[in-house]
Amino acid sequence: MTQFTPQWQALLPHLGIIKITGADTVKYVQGQVTCNVETLGSDRWTFGAHCDFKGKMWSFFQACFWDEALLLICPKDVIPSALSELKKYGVFSQVEITDASSEFSLIGCGTDAATYGQLMRTAEHIQLSMSTANLTRSIMITLSSTNTDLADGSAIWQALDIQSGIGAITAQTSNEYVPQMINLQALNAIDFKKGCYMGQEVVARTKYLGKNKRAGYILRHTGLVDVTAGELLEIQVGDNWRRGGQILSSGQCDNQTYIFAVLPNDTEVGTSLRLKSQPDILFQTQPLPYSIEA
């Protein structure tokens, strides 16, 4: 399954869901994450991140409400550590925080009649629009008892995320980067006016003092190659190759391999980097669909 069409529909087993319930859900999560949960509402979804006190991300997620429950959608392999960190101060609040990945099915869809950020709901499912001017798609969340016969579409979906300038934090890269290093300011995943949350001082200082020297980049290789999150990239300097950055995610679509990597924020479009583990494999940086100064 390497092609994406308007009729495309597939399971996204690389993703899981953290579910938060209880009387203090909004209040508690508001003090933990970069996005504004208080203004989220039931008809929208938002990107967000959960950081430590140094501003390093434990997780990067899509947040939305399923009835009274707050769902955080993120890579499944990061959930054990992300869950532990998110629950750390929950003992002082009326919240229950669980790994609800087995309760739901996450389905990527090529059809979507809504605008980016909108959430549509029926009695059976909710649907998160991720459509942009260049790409129509959405994530459907249903109870896990449905749609289990669909194919695995994770490789294509991750490629589409990367083409949209959306990175990922996985188990290999958790607690390594501040939000601006993967361009979360450009994805409206940080509310700089919402008040205190874990890591808020570092995130704000990174914005207002301009101290960030790294950013997320889209890179492409013409051909299919297996790439693992956490792998290193090298850049040529004279006759030598030196560390250039780290891969956060990878995907394959239309017989091409895409990666999202953290590189120096002065890297130019068209720059070639190679995989440290496979030196013959070269990737080239592509234009981002947004400004990282946003």
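Values quoted throughout were computed directly from the atomic coordinates according to the rules given, and no laboratory measurement underlies them. For clarity, every value in this text was computed on a predicted model and none was experimentally measured. We place every Cβ from the backbone using ideal geometry, glycine too, and count neighbours over all the protein chains shown.
All distinct Cα pairs of region 1-82 go into the 1/r average, and the inverse of that average, the Kirkwood radius, is 14.0 Å. Electrostatic tally near residue 167: other residues with Cβ closer than 13 Å to its Cβ, Lys and Arg +1, Asp and Glu -1, net -1.
Each Lys and Arg Cβ is given +1 and each Asp and Glu Cβ -1; about its Cα centre, region 223-267 then shows a dipole of about 120 debye. Within the chain, the percentage of alpha carbon pairs spaced more than 38 angstrom apart rounds to 9%. Take the alpha-carbon centre of region 232-290, take the same for region 60-133, and report the distance between them in whole Å. Between the Cα centre of region 232-290 and that of region 60-133, the gap is 30 Å. The Kirkwood hydrodynamic radius of region 9-163, based on inverse pair distances between different Cα atoms, is 15.9 Å.
For the chain, the residue among 58, 223, 74 whose Cα projects farthest onto the positive side of the dipole built from Cβ charges is 58. Here the dipole of the chain is about 860 debye; that uses its Cα centre as origin and unit charges on the Cβ of Lys and Arg (positive) and Asp and Glu (negative). The overall shape of region 139-294 is oblate: from the C-alpha gyration tensor, with semi-axes ordered a ≥ b ≥ c, the ratio a/c is 1.5 or greater and a/b is no larger than b/c. Taking Cα centre as origin and charging only the Cβ of basic (Lys, Arg, +1) and acidic (Asp, Glu, -1) residues, the dipole magnitude of region 179-286 rounds to 540 debye. Over the residues of the chain, the helix contribution to mean residue ellipticity at 222 nm works out to -3000 deg cm²/dmol, using -39500 (n - 2.57) for each DSSP H run of at least 4. Charged neighbours of residue 132, selected by a Cβ distance under 12 Å, balance to -1 (K, R count +1; D, E count -1).
Among 76/207; 54/194; 19/207; 27/193; 56/76; 56/194, which pairs are too far apart, with a Cα-Cα distance over 27 Å? Those over the limit are 76/207; 19/207. Residues whose amide H comes within less than 5 Å of that of residue 135, counting only those at least five positions distant or on another chain, are absent (H built at 1.01 Å from N in the peptide plane).
A crude spin-label estimate for the pair residue 232 and residue 291, with each label 7 Å from Cα along the Cβ direction, gives 3.5 nm.
The calculated FRET efficiency for the pair residue 7 and residue 132, based on their C-beta separation and a Förster distance of 25 Å, comes to about 0.85. Other residues whose C-beta falls under 15 angstrom from the C-beta of residue 286 contribute a net charge of -2, scoring Lys and Arg +1 and Asp and Glu -1. In the chain, taking the dipole from charged Cβ atoms about the Cα centre, the farthest positive-side position among 150, 247, 17 is held by 247. Each peptide in 220-228, 135-143, 177-185 gets a packing score, the mean of other Cβ atoms within 10 Å over its residues, and the list from highest to lowest is 177-185, 135-143, 220-228.
Spin-label model, residue 91 to residue 175: label points 7 Å out along the Cα-to-beta-carbon direction sit 1.8 nm apart.
Sorted on the mean count of surrounding Cβ atoms within 10 Å across their residues, most packed first, peptides 231-243, 204-216 read 204-216, 231-243.
Counting every other Cβ atom within 10 Å of each residue's Cβ, 70, 288 order from fewest to most as 288, 70.
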